[in-house]
Amino acid sequence: ADPDDARNSCLAVQLPPAWRRHGHVWRFRPEGRGAVEDGSEAYKMMLLLLDLFGAKQLFWDAAALWSDAEDFRTGLTHLLGSGLPPVLHQVAFRAVGDERVRTRGLSYFAGQELEMAVPGGWETAEVLRRLAILAQDVMVNGAYDSAVRVSGAEQGEWIWLRPQAARGDEPMIVLADIVP
């Protein structure tokens, strides 16, 4: 879980250089997907533990993602009120080459990851916004098991979602293409 390891992601967090030596690293890992569905007791327990231990940062194992504990706590509080999961703290968004962005950690919830090309002239943030909306939909409503067209983030925009066959031990990838 080393934040300096390029395989891990960080969201608005910077751990102190000697974070391992402080002896204040705890691991809370719900067993299996079912443990974190539907605003479950696992999320409530995480809120209590964040407060009890005065956590400053949190590492979400499934996405290899460090995030600010207070931001995560706010996201969990929102989840318990609205039912919408804190997607930015539970799913990492990583570049795949120069032209694509893929989720990491969504497979914990649905057995699949999303991948979207960055259209010419677009900022990566525009793609991240759309992928976050789609990831949240998967977390709440389940996996995309067949090709489907869904409305995009802007009026008149459509996104084609095309599940690809899984390869080996890798999760299924759902390709998302924006159609203006």
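The values are calculated or read from the model by the stated rules, or taken from the named source; none is laboratory data. The shown structure was predicted, so the numbers you read here are calculated from the model rather than taken from an experiment. Note that we place each Cβ from the backbone using ideal geometry, even for glycine, and neighbour counts take in every protein chain shown. Ligands, DNA and RNA are excluded from the accessible area calculation, which covers all protein heavy atoms including side chains. Shrake-Rupley method; radii C 1.70, N 1.55, O 1.52, S 1.80 Å.
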Exercise. Carbon and sulfur together cover what percent of the accessible area of the chain at a 1.4 Å probe radius?
Worked result: 51 percent
For this session: Just order 136-147, 88-99, 154-165 by mean Cβ neighbour count inside 10 Å, highest at the front, would you?
Result: 88-99, 136-147, 154-165
Exercise. What full-extension length gain, to one decimal in nm, is calculated for residue 167 and residue 1 as 0.36 nm per residue of separation minus the Cα-Cα distance?
Worked result: 57.2 nm
For this session: Mind giving me the nanometre distance, one decimal, between the label points for residue 179 and residue 157, set 7 Å out from Cα along Cα→Cβ?
Result: 1.6 nm
Seminar exercise, completed: For the chain (alpha-carbon point model, no solvent) the Debye-based log₁₀ I(q)/I(0) at q = 0.16 Å⁻¹ works out to -1.02
For this session: Counting only heavy atoms of the protein chains, get the accessible area per residue of segment 47-96 (1.4 Å probe) and round it to a whole Å² value.
Result: 47 Å²
Seminar exercise, completed: For segment 88-94, Karplus-derived ³J(HN,Hα) couplings (6.51, -1.76, 1.60; θ = phi - 60°; whole Hz; x for glycine and proline) come out as 5, 9, 10, 9, 8, 10, 10
Exercise. If amide H atoms are built 1.01 Å from N in the plane of the peptide, which residues on other chains or at least 5 residues away come under 5 Å of the amide H of residue 10?
Worked result: 66
Exercise. Along the charge dipole of the chain, which of 101, 9, 132 sits closest to the positive end, that is, farthest toward it, with unit charges on the beta carbon of Lys, Arg, Asp and Glu (+1, +1, -1, -1)?
Worked result: 9
Problem set entry | Length released on extending from residue 41 to residue 14, taking residue separation times 0.36 nm less the Cα-Cα span | 6.8 nm
Seminar exercise, completed: Relative contact order in percent for the chain (Cα pairs under 8 Å, 6+ apart) equals 15 percent
Exercise. Modelled label-to-label distance, residue 147 and residue 122, 7 Å Cα→beta-carbon offset: nm?
Worked result: 1.9 nm
